[in-house]
Each structure stands twice: as C-alpha cells, then as structure tokens.
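Structure record follows, encoded as structure tokens.
The values are calculated or read from the model by the stated rules, or taken from the named source; none is laboratory data. Just so we're clear, the structure is a prediction, and the values are computed from it rather than from any experiment. No Cβ is skipped: glycine too gets one built from the backbone with ideal geometry, and neighbour counts run over all protein chains shown.
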C-alpha cells in the first residue's frame, strides 16, 4: 500500500508533492513588517528539508493587525521585494509558498513572547479593534468596537494584501480565522456582543469572514487555492463548538474554500485545553467527514507514523507541523526514510542520504 504522507495532493491548479505542511509560526523577528535574512533561512531550510507546502507566519494586513511590533507584514508595497526573495527560493527547491493573512483584533499591540506579557507600553503600541469593546484579559489592551467604516477598512486591507501576495510570488493564501484573532472574535459568541448585522445569529457572526473571502477572491486567481484556518472549538461553555465548525465548513465549501486548517482555542484565557499528542485531529476528522471538505490536521503531530496514520484513517488530507519542524527542519527527508520512501534529496546533500 502506498505511503500517503508522500503522495501528491492537487488543490485547484497546484499540486503539492507531499502532505507535509510547515504550519504558520510567528517568528517575531521583523522591523516595520519587513521579511529579512532570518525568514529566508528559517523558511528556506524547510524547503531544503522537503516540505510540500510552506505557510509563512501570520502576516499582518495592516500595522494595527499585528500581534506585536515585531510581526511580519504585508500592508505596503515595500514589503513585496523581501517576500518575493523567499518565495522564489522555496519554489526553486520544490516547495509551494503560501501566506497566512491575519488580523490580530483585540490580541494585538502586545509583547513578543520573550520580551514580556500583555500590552506593550502606549508609546510602542496602537489602538486595537474588535467586534466588541471587550479585552481578551485584564492585561491586554482595551479594544474599540469596529464601526462600519472600520469593517470596510479591514476588507480593503485584506484585498490589498491579496494583491501584494500575488506580486510577492505566493501560490496559496490561508485566511487566519482562529486562535482568538479578529475573525474568530467575530464568529465566537464569547467575544461578539454586537446587535447589528455582524452580531447575534450564527449567520451574522460569520458574515465578516465570508466578506473577506469575497474580497480576497476578487484578486486571487481561480487556479490558486484559498484555505481558512479555524478554531474548531473554544473549549469553553457557551462558546463556539465543533457543531458550529461543521456548519461553518459547509458554508465555506459553498464559498469554494479548498481546505480547512483545523485548529482549536485561543479566544478566552481561561479555557481548559486537554493538550496531548494529536489532540486536535478529531476535529479535523469531523469537519472533513461531516462537511465533506478537505482538512488539515495540526497539534502535537511529531512522528512519521502518527502523520501517516492520520491520513490512512481518512481523518485529514494534510498534516501541518510546527514544533517538530522547528526541532528538525529535515523531518520530511527523515520521515521518508522511516516509512521506506526513496525521496529525492537536494543534490548538495546527496552524499549524506545514506548512513555510510
């Protein structure tokens, strides 16, 4: 039986050479949003290591969309050149370059993890926005509720970020609608207290996500895939549930979204999350099976056999890996050896392919 982890996957006009995806991982290593040598080496080494799809970290569509002052950005044309340098390298080494377009909402204007916690000082930060004027926690900034003009600006920013993504050489866009950031804040009843067309009912709470999909599709070519990352559950009473996610996934399928990257949590600080190996896979499986749409599984997937079993059991179509690919940029090459697949190595590394 063929090894599924190293079987190709076609999404629209693209073919991924295998099912291993570099999950978007914030590096908090930018100045004014610019990509630099760190991003080239970090992402480039995962292409040399054999990943099929490499998703750049959450990339801010506006300055106020950043999680921290150190986030990667795509809010101005000057960002394009540095990003294009990296996408060209990834493609030259057989990986498809993808970008996660993001708006941090009420979780913006905070410290990078190794610099502190909570809101940055006022002179370093900016006014955050959210569906409602409710902070993430007492140590986070106080957001203002987006008015109609603010919502139109968000749509404009995603539209322009899409244009820049195309010019920068990306072939996949993932819309970040997870982890307590702006779009998740809108669809979760825990953070959305609005009474207008963007609040209250399920259809109203998902409205902004659908409008952003339409805005992105205005510019994004039909032959290129469009993915959405969701948090499949808030892990909190009265919050967003897996049943809501299946319902949303059916809507996203009708919107011709190509794959749902299925994560969980992040919208409220007190959530009790049972973290462990593959703890989110069940959600990817339910979305895939009940909404009949391709999914990506993520969350403490660390071994070749674990990844292969997820695919073999029809629980997901792609395996997104984060920490394991930080530990081992060449995981795909090593996983292929473990699973008995004769994978082509970069010519520069051929002499190390066999343990001789």
**Request:** Among the numbered conditions (1) touching a residue at least 40 places away in the same chain (Cβ under 8 Å); (2) part of a loop (DSSP other than H, G, I, E, B); (3) over 21 Å from the mean Cα position of the chain (by Cα), tell me where residue 169 comes up short.
**Result:** (3)
**Asked** Has the stretch 64-71 got any residue that is outside any loop (DSSP other than H, G, I, E, B) and either more than 17 Å from the chain's Cα centre (by Cα) or modelled with pLDDT of 95 or more (or both)?
**Response** yes
**Fill in**
Result of the Cβ filter at 7 Å on the stretch 81-104, keeping first residues that are within 15 Å of residue 41 (Cβ to Cβ) and partners that are surrounded by fewer than 24 Cβ atoms within 10 Å (Cβ to Cβ) and modelled with pLDDT under 95, at least 6 apart or interchain, is 93/346
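Out of the strands (runs of 3 or more DSSP E) lying entirely within the stretch 250-356, which hold 2 or more residues that are farther than 21 Å from residue 3 by Cβ and in contact (Cβ under 8 Å) with a residue 40 or more places away in the chain? Steps first, please.
Values: elements: 259-263, 295-298, 318-321.
In the stretch 250-356, the matching strands (runs of 3 or more DSSP E) lie at 259-263.
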**Request:** May I ask you to verify whether residue 295 is more than 25 Å from residue 163 (Cβ to Cβ), in contact with a strand residue (DSSP E or B) (Cβ under 9 Å, 6 or more places away or on another chain), surrounded by fewer than 23 Cβ atoms within 10 Å (Cβ to Cβ) and modelled with pLDDT of 95 or more?
**Result:** no
**Request:** Looking only at the stretch 88-109, decide whether some residue is out of contact with any helix residue (DSSP H, G or I) (no Cβ under 7 Å at 6 or more places or on another chain), assigned to a loop (DSSP other than H, G, I, E, B) and closer than 20 Å to residue 271 by Cα.
**Result:** no
